[in-house]
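Structure record follows, encoded as structure tokens.
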Amino acid sequence: MNFRLIPTVLAAALLVPLAAVAGPRDPQVAARAGVRSGGELSLRELERRVLPTMRGMEYLGPAYDPAAMAYRFKFIHNGRVVNVDVDARTGEVLRQGR
């Protein structure tokens, strides 16, 4: 038996649980987990609420911030990008601006 491998194997075994505690790094994974847990509204529901209020603007798409539990919806109007930050838990518009 090769005893020099034991410290390496032990170190690897200790790092695996740390990666699980750190949580998902992919924002999509975090967003799905929030919806599944019931703590956040789905992207479709948020879009259903916000998009009709942005008449005359072209919707470019969303970006999710798992730390803030919020989406940033991006629109373009008269050649300028307009960001709308929406709380994923309540659907409340937090901020709207360029």
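List of remarks:
- Failed condition for Tyr59, given (1) assigned to a loop (DSSP other than H, G, I, E, B); (2) free of Cβ contacts under 8 Å to residues at least 24 places away in the same chain; (3) not charged (D, E, K, R): (1)
- Close pairs from region 71-94: first in contact (Cβ under 8 Å) with a residue 12 or more places away in the chain and assigned to a loop (DSSP other than H, G, I, E, B), partner aromatic (Phe, Trp, Tyr) and surrounded by 14 or more Cβ atoms within 10 Å (Cβ to Cβ), Cβ under 8 Å, at least 6 apart: Ala88/Tyr64; Ala88/Tyr71
- Filtering region 56-69 to residues that are crowded, with 16+ Cβ neighbours inside 10 Å and either touching a Cys at 6+ places or on another chain (Cβ under 7 Å) or modelled with pLDDT of 95 or more (or both) leaves Met57, Pro62.
- Extreme residue, nearest to Gly91 (Cα to Cα), among residues of region 1-55 that are at pLDDT below 65 and of a type in the set (Gly, Ala, Ser): Gly23
The values are calculated or read from the model by the stated rules, or taken from the named source; none is laboratory data. Bear in mind the structure is a predicted one, so any value in this text is a computation, not a measurement. Backbone-built Cβ (ideal geometry, glycine too); neighbour counts: all protein chains shown.
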